[in-house]
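Since the structure comes first, as structure tokens, the remarks are kept for the end.
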Amino acid sequence: MKIAVTHQNGQVFQHFGHTEEFKIYDIEDGKIANAVVIGTAGSGHGALAGFLSALGVDTLICGGIGGGAQMALAQAGIRFFGGVQGDADKAVEALLANALTYDPEAKCDHHGEGHDHHHDEGHQCGSHGCGGGHCSH
């Protein structure tokens, strides 16, 4: 098993499509065998699914994640746990212990305070900056 976590300063970074680095964990016998931080080299949104797939990642832990990126991950066969906050290492340990707190409905949440916008089913979030028009259909 290989787990990627959106990463910044040891914490789970809160927007998948804008993450500049992932911490990649190699899991053996249910434990972290190795971990390394890898920069995304400017990839963003849907392109990150291919980036992770090329690294052999099969599981992602992240904060907010847009619909286009979710579809790209699903197509790449990567399962993901969104809406996760806090320490990246602890999140991976919690996942391995089947104790991770995550939100199966986690979506992009960078619209600012008091902005009452919710994504609808099938909405590709390309018109308001969330997907930047790069959502894969």
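A short reminder: the numbers here are calculations on the coordinates, not readings from a lab. Only a predicted model underlies this, so the values are computations on that prediction, with no experimental measurement involved. Neighbour counts run over all protein chains shown; Cβ positions are idealised from the backbone, glycine included.
Extension gain for Thr40 to Asn98 (0.36 nm times residue separation, less C-alpha to C-alpha distance): 18.1 nm. Kirkwood radius, region 1-42, all distinct C-alpha pairs, inverse of mean reciprocal distance: 10.7 Å. The alpha carbons of region 1-82 occupy a box of 33, 27, 21 Å along the principal axes, longest dimension given first.
Sparse packing (at most 14 other Cβ atoms within 10 Å of the Cβ) combined with a DSSP loop state is found for the following GluC sites (Glu not before Pro) in region 1-89: Glu20. Look at the alpha carbon pairs under 8 Å that are at least 6 residues apart: their mean separation over the length of region 1-94 gives a relative contact order of 34 percent.
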